[in-house]
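Beneath this line is the structure, given in structure tokens, with notes to follow.
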Amino acid sequence: MKKKVLILGAGITGLSAAWKLSQDEYDVTIIEKDTAVGGLAKTIKFKDSFVDIGPHSFFSEDREIYDTVKSLFKDEPEEIPKVKRSVKMFFMNYYVDYPLSAKSILFQMGPIIPIKSFLSFLKSFVKSFFTKKIDVKLLSIEEWAISNFGFFLYKNFFKPYTEQFWKIETSKLSHRVIPASKKLDFAKTLKHLFFNKYLEISKREPGSLNLVQRESLPTFYPKKGFGQIAEKIKSKVEKNNTKIDLNTEVKKVILKQDGRFQVDTDTKSYEADYLISTLPLDYLVKNFEPLNKNKDLVKSSEKLNYLSLKMLYLIVKKKNILGCQYCYFVNRPYNRVSNLNLFSDIISKEGTSALSVEISCHKNSSTWMSKDQDIFEECIKNLVNDKILERNDILDWKVLDVPNVYPIYKINYENDLKNLEKEFFKTKNFYSIGRLGQFFYGDIDQMIRLGFNVVKKILKT
């Protein structure tokens, strides 16, 4: 009899695990709360446009992952063409090319800023020889940025952007919460005095390349939205008899005395020999019997929080907006604005452009509880003031609430994460994986790898 595997969540990691498992002798079922697969990698149809939850593109140094994803489009390779990444940042009232380079700083920001940056860094560099070294894993953003880049860049970039994005003081956050691209940009810019030092801590597992090398990889984007990748994996696993139950919310997980698992949902109950979860850790532990009887474990899970997003989608009259695929902003209500038509020219109907505007927040914060109209008005006011749009350019708009997007790496978060990992390891045939399940902020190819790797573990049992 086939062993039953139950996967909680049809995001890219859960789908990838099902993809591998369905090629072997396993009875696989995926439970998904949403109405569609893909999770954070899905594409949404808005009017006549295709919009993603933030901009995505596919790239990987992992040959197996690269070949496997590309094989999804083997009969129509033109549907996932290579795209050139183009990014800018609005920094100290300048639009500069992104990632930053010596050329962009010297010719796009005038002479004062690079001079101040270098002198500030030099001061920190010299000071580092006379101060006690701290384990890099224990550094806050504040400590890490000042010691590696100087007070000037910390004050003018790291502090305002980080606190705008994470809504937490930099002294309370591990340096690991800085999006990988931010670390990469300044590492590339401030010459080789600390370049090699940075590369030692810039590797992201799984994968062997550092961030500089990963950024140079060729990137691809499906013509009708990034979610096409998830939809094609869905078709593959369903052909292999994997069942995907959408609109189904997990309410309780029970480890039975015989070692099997029971999962109760809002529609029915399931049983399985193996359980793979991609759910947020705090939600999982709270509803997992008997793990939820362990007060220390519950307490640790409650400290592992996730940042959420308000996504404002705009359909506007066709125009060249920003001159790049997306732009990061400091001291604005939004963190990033993306011109989705520069990923694919058929994202929106002829004569229009589709934009996504990302506003980060915590669940139950005032921003999270704000009315859609208020989010729209606040963003439009700033977009108009910055001469990015005129109000009469806007043809339609929509706000989407996206909970649990980014793991928040607070100082000492790793201790709480290890508490959970130890308990999970002792639970036979149970695996918590993915961005939410492993509290790991990685790229799409790395999430696919996590799904594939868990299958290797199951096959060995």
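The values are calculated or read from the model by the stated rules, or taken from the named source; none is laboratory data. Computed from a predicted model, the values in this text were never measured in an experiment. Counting neighbours? That spans all protein chains shown, and the Cβs are built from the backbone with ideal geometry, glycine included.
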Of the residues in the stretch 344-359, those that are in a loop (DSSP other than H, G, I, E, B) and either modelled with pLDDT of 95 or more or of a type in the set (Asp, Glu) (or both) number 2
How many residues of the stretch 17-41 are among the β-branched types (Val, Ile, Thr) and not in a loop (DSSP other than H, G, I, E, B)? The answer is 4
Checklist entry - Does ILE44 fit the bill of being within 19 Å of the chain's Cα centre (by Cα), among the aliphatic types (A, V, I, L, M), surrounded by fewer than 21 Cβ atoms within 10 Å (Cβ to Cβ) and modelled with pLDDT of 90 or more? => result yes
**Asked** Does ARG435 count as in the same structural domain as GLN23 (by TED's automatic domain parsing) and of a type in the set (Lys, Arg)?
**Response** yes
task = For the stretch 174-184, state whether one or more residues are at pLDDT 85 or above, outside the structural domain of MET447 (by TED's automatic domain parsing) and not in a helix (DSSP H, G or I).
result = yes
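The rows are residues; the columns are (1) part of a helix (DSSP H, G or I); (2) in contact with a helix residue (DSSP H, G or I) (Cβ under 7 Å, 6 or more places away or on another chain).
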site	(1), (2)
ILE375	yes, no
CYS379	yes, no
ASN382	yes, no
LYS387	no, no
LEU395	no, no
LYS398	no, no
PRO403	no, no
LEU417	yes, no
GLU423	yes, yes
Flagged in the stretch 427-443 as at pLDDT 95 or above and within 22 Å of the chain's Cα centre (by Cα), in numbering order, are TYR431, SER432, ILE433, GLY434, ARG435, LEU436, GLY437, GLN438, PHE439
When the stretch 425-457 is checked residue by residue, the ones that are under 23 Å from THR170 (Cα atoms) and in a helix (DSSP H, G or I) are ARG435, LEU436
Taking the conditions exactly as written (assigned by TED's automatic domain parsing to the domain that holds PRO77 and on the phi < 0 side of the Ramachandran plot), does VAL28 satisfy them or not?
no
Q | Verdict on LEU400 being closer than 28 Å to GLY227 by Cβ, out of contact with any Leu (no Cβ under 6 Å at 6 or more places or on another chain) and either surrounded by fewer than 19 Cβ atoms within 10 Å (Cβ to Cβ) or touching a residue at least 40 places away in the same chain (Cβ under 8 Å) (or both) | A | yes
Exactly one of LYS268, LYS239 is out of contact with any His (no Cβ under 6 Å at 6 or more places or on another chain), under 30 Å from PHE73 (Cα atoms) and exposed (fewer than 14 other Cβ atoms within 10 Å of the Cβ), and that one is LYS239
Among helices (runs of 4 or more DSSP H) completely within the stretch 46-127, the ones holding 3 or more residues that are assigned by TED's automatic domain parsing to the domain that holds PHE151 are 102-108, 112-127
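So, in the stretch 347-384, exactly how many residues are over 21 Å from THR162 (Cβ atoms) and touching a strand residue (DSSP E or B) at 6+ places or on another chain (Cβ under 8 Å)?
Residues meeting the conditions: 15.
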Here the residues within the stretch 242-260 that are surrounded by fewer than 19 Cβ atoms within 10 Å (Cβ to Cβ) and not in a strand (DSSP E or B) are LEU246, ASN247, GLU249, LYS256, GLN257, ASP258, GLY259, ARG260
The condition of being closer than 22 Å to GLU358 by Cβ, among the acidic types (Asp, Glu) and either loosely packed, with under 15 Cβ neighbours inside 10 Å or at pLDDT below 90 (or both) holds, among ASP24, ASP97, ASP75, only for ASP97
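If we keep just the residues of the stretch 261-295 that are in a helix (DSSP H, G or I) and more than 28 Å from the chain's Cα centre (by Cα), which is nearest to MET1 (Cα to Cα)?
LYS293
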Q. Yes or no: ASN148 closer than 18 Å to SER120 by Cα and at pLDDT below 80?
A. yes
* Would it be correct to say that VAL69 is surrounded by 17 or more Cβ atoms within 10 Å (Cβ to Cβ) and within 28 Å of PRO280 (Cα to Cα)? -> yes
Being outside the structural domain of ASP282 (by TED's automatic domain parsing) and modelled with pLDDT under 95 narrows LYS381, LYS398, LYS387 down to just LYS387
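How about the stretch 320-329: which of its residues are buried (at least 18 other Cβ atoms within 10 Å of the Cβ) and either of a type outside the set (S, T, N, Q) or without any contact (Cβ under 8 Å) to a residue 40 or more places away in the chain (or both)?
The answer is ILE321, LEU322, CYS324, TYR326, CYS327, TYR328, PHE329.
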